[in-house]
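Asks: Below is the structure I would like to discuss, written out as structure tokens.
The values are calculated or read from the model by the stated rules, or taken from the named source; none is laboratory data. Computed from a predicted model, the values in this text were never measured in an experiment. As a convention, Cβ positions derive from the backbone with ideal geometry for all residues, glycine included, and neighbour counts pool all protein chains shown. These area figures cover heavy atoms from the full protein model, side chains too; ligands, DNA and RNA do not enter into them. Shrake-Rupley method; radii C 1.70, N 1.55, O 1.52, S 1.80 Å.
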Amino acid sequence: MAQHRYMLAEDRIPDRWYNIAADLPSMPPPPLNPGTGEPIGPEALAAIFPMALIEQEVSPERWIPIPDAVREVYAMWRPTPLYRAVGLEQALGTSCKIFYKYEGVSPAGSHKPNTSVPQAFYNKEAGVRKLSTETGAGQWGSSLSFACQHFGLECEVFMVRVSFDSKPYRRLMMETWGGTCIASPSELTNAGRTILAENPDSSGSLGIAISEAVEVAATNDDTNYALGSVLNHVLLHQTVVGQEAKEQLDMAGAYPDVVIGCVGGGSNFAGLAFPFLEDKIAGRDIRIVAVEPASCPTLTRGTYGYDFGDTAQMTPLLPMHSLGHGFMPPSIHSGGLRYHGMAPLVSHVVHTGLVEATSYSQVECFTEAVRFARAEGIIPAPEPSHAIRHVITEVERAKEEGVEKTILFNLCGHGHFDMAAYADFLGGTMQDLDVDEGELSRASEALAALPGIG
Ligand SMILES: *Cc1c(COP(=O)(O)O)cnc(C)c1O
């Protein structure tokens with residue numbers, strides 16, 4: 001009988017995070033101060049982040065130790081299982097080996113607590129009382145509420161309006177863990193009031209919600225801001241995923257030909273992929289693919305240059321692929337992938353050709369999510385259904401080429417709170433929401449005024 005599941009003992013929880021910056025052949029350009037056009041120094045971030053995280057953000061060290069207090073919380077669900085997708089392989093009739101790392105076993109049901117826990121820990125150590133943040137589908141808000149509760153911090157979450165209305169259970173998870181959840185745009189901040197004055201029915205966006213959360217942190221001494229993706233330290237924290245996966249694949253006597261992850265801001269992808277990218281940079285033959293929604297095609301159709309991380313232009317300018325900070329993605333079910341930008345590190349490795357990028361529409365992704373659920377049992381979150389859809393492409397290509405591949409992907413969360421999306425698909429009412437070309441070109445025109453990257 002083929003083995004389905006590869007488990008590691010608790011003492012194999014990684015004791016360090018892997019920092020890809022130490023191994024990149026070239027570094028991404030620095031974030032810029034939008035006022036001066038000069039690189040921003042660490043002190044510019046001190047109003048909203050604790051020093052320990054700022055140091056990680058700019059660290060050149062390859063390995064960064066994980067505090068024991070963080071590993072103790074990780075031990076509630078880590079090491080996570082690695083599965084061989086025996087059922088899916090059979091359903092597809094392929095001789096490829098398909099593996100997936102399953103991050104849905106965390107309390108919040110996704111990979112996000114891998115970073116919410118250390119972020120809450122370092123803020124607590126720095127004497128901070130409260131964290132403010134934004135959330136799209138609610139995954140990050142619930143993950144940070146869980147972590148804040150554990151370390152005795154208050155948590156205030158600005159949730160994108162469309163998800164606030166359509167995903168009440170995520171809000172209730174936040175409240176169950178003691179967090180406060182506010183629909184964004186809100187009347188609580190200047191950024192929110194400005195948007196509402198223009199468009200009282202705004203369905204919100206991650207860019208707007210980030211503006212609101214940053215404003216709260218920047219204007220309150222005892223409050224810091226926490227981001228669930230995009231920044232270097234967030235991607236760093238996620239590398240426990242790839243480190244464990246490597247060890248589990250060793251147990252299975254396997255090594256991937258291709259590693260796949262879905263990308264919103266880039267963190268679950270980087271968490272799985274960067275420890276393998278280390279091997280690729282060292283000369284190993286391996287392909288790495290980032291998969292995004294066709295209706296928010298940041299890497300495949302965006303511009304690589306400097307852009308703001310948020311709609312109200314409060315953040316530093318980040319070097320990244322972007323659709324423009326004013327871009328309003330269509331209301332697809334993959335709320336976690338509706339972000340106009342991309343992590344600078346992920347943008348850089350795509351720009352330099354180390355990583356490939358591709359995109360799919362939501363109906364084809366849900367088709368594969370349902371096939372996966374029937375074959376493997378686990379119901380995927382809408383976001384990783386993009387990774388699953390690309391697995392199918394790899395399997396088809398392997399067949400055409402007459403080769404057997406080993407494929408690894410990140411099943412970064414379960415879909416238990418996304419059953420309304422499955423209802424839409426199973427009821428036959430789901431549609432592919434195409435990008436509004438007019439909106440796309442308007443939003444990218446705004447980018448032309450910002451510094452480019454050669
Ligand atoms: C937040 C989230 C994403 C998107 O964020 P990344 O930083 O790109 O990983 C993807 N999948 C799930 C399940 C999420 O919760």
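Asks: Of all residues in segment 92-132, how many are within 12 Å of the ligand (Cβ to nearest atom) and either under 27 Å from Thr311 (Cα atoms) or in a loop (DSSP other than H, G, I, E, B) (or both)?
Replies: Going residue by residue through segment 92-132, those that are within 12 Å of the ligand (Cβ to nearest atom) are 102-104, 106, 108-116.
If we keep only those that are either under 27 Å from Thr311 (Cα atoms) or in a loop (DSSP other than H, G, I, E, B) (or both) as well, we get 103-104, 106, 108-116.
Result for segment 92-132: 12.
Asks: Turning to a different aspect of this structure: Filter segment 276-296 down to residues that are farther than 15 Å from Val350 by Cα, within 16 Å of the ligand (Cβ to nearest atom) and either buried (at least 24 other Cβ atoms within 10 Å of the Cβ) or over 21 Å from the mean Cα position of the chain (by Cα) (or both), then give me how many there are.
Replies: Selection size over segment 276-296: 2.
Asks: Any residue at all in segment 204-214 that's more than 23 Å from Ile332 (Cβ to Cβ), modelled with pLDDT under 95, open to solvent by less than 60 Å² (accessible area, probe 1.4 Å) and in a helix (DSSP H, G or I)?
Replies: Going residue by residue through segment 204-214, those that are more than 23 Å from Ile332 (Cβ to Cβ) are 214.
Restricting the remaining residues to those that are modelled with pLDDT under 95 gives 214.
From what's left, open to solvent by less than 60 Å² (accessible area, probe 1.4 Å): 214.
After this cut, where a residue has to be in a helix (DSSP H, G or I) as well, the list is 214.
Within segment 204-214, one or more residues are more than 23 Å from Ile332 (Cβ to Cβ), modelled with pLDDT under 95, open to solvent by less than 60 Å² (accessible area, probe 1.4 Å) and in a helix (DSSP H, G or I).
Asks: Do we have His321 as touching a Leu at 6+ places or on another chain (Cβ under 7 Å), free of Cβ contacts under 8 Å to residues at least 60 places away in the same chain and not in a helix (DSSP H, G or I) here? Even if it seems obvious, please write down each step before you answer.
Replies: Values: touching a Leu at 6+ places or on another chain (Cβ under 7 Å): yes; free of Cβ contacts under 8 Å to residues at least 60 places away in the same chain: yes; not in a helix (DSSP H, G or I): yes.
It is true that His321 is touching a Leu at 6+ places or on another chain (Cβ under 7 Å), free of Cβ contacts under 8 Å to residues at least 60 places away in the same chain and not in a helix (DSSP H, G or I).
Asks: Here's a follow-up. One residue is enough: does segment 215-229 have a residue meeting the conditions of a type in the set (S, T, N, Q) and part of a helix (DSSP H, G or I)? Steps first, please.
Replies: Pass one, segment 215-229, residues of a type in the set (S, T, N, Q): 219-220, 223-224, 229.
The next check asks that each one be part of a helix (DSSP H, G or I); those that pass are none.
For segment 215-229, residues of a type in the set (S, T, N, Q) and part of a helix (DSSP H, G or I): absent.
Asks: Return the total of residues in segment 366-396 being free of Cβ contacts under 8 Å to residues at least 40 places away in the same chain, within 16 Å of the ligand (Cβ to nearest atom) and of a type in the set (Ser, Thr, Tyr).
Replies: Result for segment 366-396: 0.
Asks: Further question: Tell me which residues, restricted to segment 141-157, are open to solvent by 10 Å² or more (accessible area, probe 1.4 Å) and closer than 23 Å to His414 by Cα. Steps first, please.
Replies: Just the residues of segment 141-157 that are open to solvent by 10 Å² or more (accessible area, probe 1.4 Å), to begin with: 146, 149-154, 156.
Phe146, Gln149, His150 - these are the residues of segment 141-157 that are open to solvent by 10 Å² or more (accessible area, probe 1.4 Å) and closer than 23 Å to His414 by Cα.
Asks: Among the residues of segment 249-262, are any within 16 Å of the ligand (Cβ to nearest atom), outside any loop (DSSP other than H, G, I, E, B) and β-branched (Val, Ile, Thr)?
Replies: Taking segment 249-262 as the starting set, the residues that turn out to be within 16 Å of the ligand (Cβ to nearest atom) are 259-262.
Those left that are additionally outside any loop (DSSP other than H, G, I, E, B): 259-262.
Imposing the further condition that a residue be β-branched (Val, Ile, Thr) reduces the set to 259-260.
For segment 249-262, residues within 16 Å of the ligand (Cβ to nearest atom), outside any loop (DSSP other than H, G, I, E, B) and β-branched (Val, Ile, Thr): present.
Asks: Sticking with this one: Take the residues in segment 165-184 that are without any contact (Cβ under 8 Å) to a residue 40 or more places away in the chain and part of a helix (DSSP H, G or I), then tell me which one is most open to solvent (accessible area, probe 1.4 Å). I'd like the intermediate steps shown before the answer.
Replies: Just the residues of segment 165-184 that are without any contact (Cβ under 8 Å) to a residue 40 or more places away in the chain, to begin with: 165, 168, 171-172, 174-180, 182-183.
So of that shortlist, the ones also part of a helix (DSSP H, G or I) come out as 165, 168, 171-172, 174-176.
On the way: Asp165: 96, Pro168: 50, Arg171: 60, Leu172: 73, Met174: 0, Glu175: 81, Thr176: 116 Å².
The qualifying residue most open to solvent (accessible area, probe 1.4 Å) is Thr176.
Asks: Taking the stated definitions as given, is His351 open to solvent by 10 Å² or more (accessible area, probe 1.4 Å) and touching a helix residue (DSSP H, G or I) at 6+ places or on another chain (Cβ under 8 Å)?
Replies: Details: open to solvent by 10 Å² or more (accessible area, probe 1.4 Å): yes; touching a helix residue (DSSP H, G or I) at 6+ places or on another chain (Cβ under 8 Å): no.
In short, no.
Asks: Kindly establish whether Tyr339 is under 19 Å from Arg287 (Cα atoms), within 15 Å of the ligand (Cβ to nearest atom) and either touching a residue at least 40 places away in the same chain (Cβ under 8 Å) or within 17 Å of the chain's Cα centre (by Cα) (or both).
Replies: The answer is no for Tyr339.
Asks: Regarding segment 51-66, can at least one residue be identified that is touching a residue at least 40 places away in the same chain (Cβ under 8 Å), in a loop (DSSP other than H, G, I, E, B) and open to solvent by less than 30 Å² (accessible area, probe 1.4 Å)?
Replies: yes
Asks: Output the residues belonging to segment 1-37 that are open to solvent by less than 60 Å² (accessible area, probe 1.4 Å) and polar (S, T, N, Q).
Replies: Across segment 1-37, the qualifying residues are Asn19, Ser26, Asn33.
Asks: Could you run through segment 112-133 and say how many residues are within 14 Å of the chain's Cα centre (by Cα) and open to solvent by less than 10 Å² (accessible area, probe 1.4 Å)? Quick ask: steps written out before the conclusion?
Replies: Within segment 112-133, the first condition is being within 14 Å of the chain's Cα centre (by Cα), and the residues that meet it are 112-116.
In the following step, the residues that additionally are open to solvent by less than 10 Å² (accessible area, probe 1.4 Å) were identified as 113-116.
Residues flagged as within 14 Å of the chain's Cα centre (by Cα) and open to solvent by less than 10 Å² (accessible area, probe 1.4 Å) within segment 112-133 amount to 4.
Asks: Filter segment 185-209 for residues that are under 22 Å from the mean Cα position of the chain (by Cα) and either without any contact (Cβ under 8 Å) to a residue 60 or more places away in the chain or not assigned by TED's automatic domain parsing to the domain that holds Thr133 (or both) and give the result.
Replies: Step one: of segment 185-209, the residues under 22 Å from the mean Cα position of the chain (by Cα) are 185, 203-209.
Hits for segment 185-209 are Pro185, Gly204.
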